[in-house]
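Comments concern the structure below.
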Amino acid sequence: MESEDAKHAMAEVKIYTTTYCPYCHAATALLTEKNVPFEEIDVTGDAAARVDLARRTGRRTVPQVFIDGESVGGYDDIAALDRSGRLDELLKTG
């Protein structure tokens, strides 16, 4: 039988941002509004981190959101996933 904690477990979410990016602020606001715990990684002024992020995602923009280690894109992508109901599915584990 599944425990209550397991039923409500959330996926691990990491979001790479910069301090001056309005889409980064929108993405963190969306996750906060949904009560999703996330780790925010600020890559402002960190050229090496930005190069690594581009290598991993194929994108040079922020924010970049990862759910359980998988890149799901930026703000527009997670907003579209949210509208379709898929974001909630991705955020659940198990």
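The values are calculated or read from the model by the stated rules, or taken from the named source; none is laboratory data. Here the structure is a predicted model, which is why all the values come from computation and not from measurement. Neighbour counts are summed over all protein chains in view; Cβ atoms, including those assigned to glycine, are modelled from backbone coordinates with ideal geometry.
Across region 60-84, the qualifying residues are those that are of a type in the set (A, V, I, L, M, F, W, C) and within 14 Å of GLU40 (Cα to Cα), and the one among them that is nearest to the chain's Cα centre (by Cα) is VAL65. Out of contact with any Leu (no Cβ under 8 Å at 6 or more places or on another chain), of a type in the set (A, V, I, L, M) and either touching a residue at least 60 places away in the same chain (Cβ under 8 Å) or more than 15 Å from LYS14 (Cβ to Cβ) (or both) - does that describe any residue in region 52-74? Yes, that holds for at least one residue. So, in region 27-45, exactly how many residues are assigned to a helix (DSSP H, G or I) and crowded, with 16+ Cβ neighbours inside 10 Å? Matching residues across region 27-45 total 4. Tell me which residues, restricted to region 46-94, are within 18 Å of TYR20 (Cα to Cα), among the polar types (S, T, N, Q) and outside any strand (DSSP E or B). Within region 46-94, just THR61 meets the criteria. Contact map, region 20-39: first residue modelled with pLDDT of 95 or more, second residue surrounded by 15 or more Cβ atoms within 10 Å (Cβ to Cβ) and of a type in the set (S, T, N, Q), Cβ cut-off under 7 Å, separation 6 or more or different chains; pairs are CYS24/THR17; CYS24/THR18; THR28/THR17.
Of all residues in region 46-89, those satisfying the criterion of being buried (at least 17 other Cβ atoms within 10 Å of the Cβ) and of a type in the set (A, V, I, L, M) are LEU53, VAL62, VAL65, ILE67, VAL72, ILE78, LEU81, LEU87. Does MET10 count as modelled with pLDDT under 95 and surrounded by fewer than 14 Cβ atoms within 10 Å (Cβ to Cβ)? For MET10, the condition - modelled with pLDDT under 95 and surrounded by fewer than 14 Cβ atoms within 10 Å (Cβ to Cβ) - is not met. Is there a residue being under 17 Å from ALA80 (Cβ atoms) and under 13 Å from the mean Cα position of the chain (by Cα) anywhere in region 43-59? Yes, region 43-59 contains a residue that is under 17 Å from ALA80 (Cβ atoms) and under 13 Å from the mean Cα position of the chain (by Cα).
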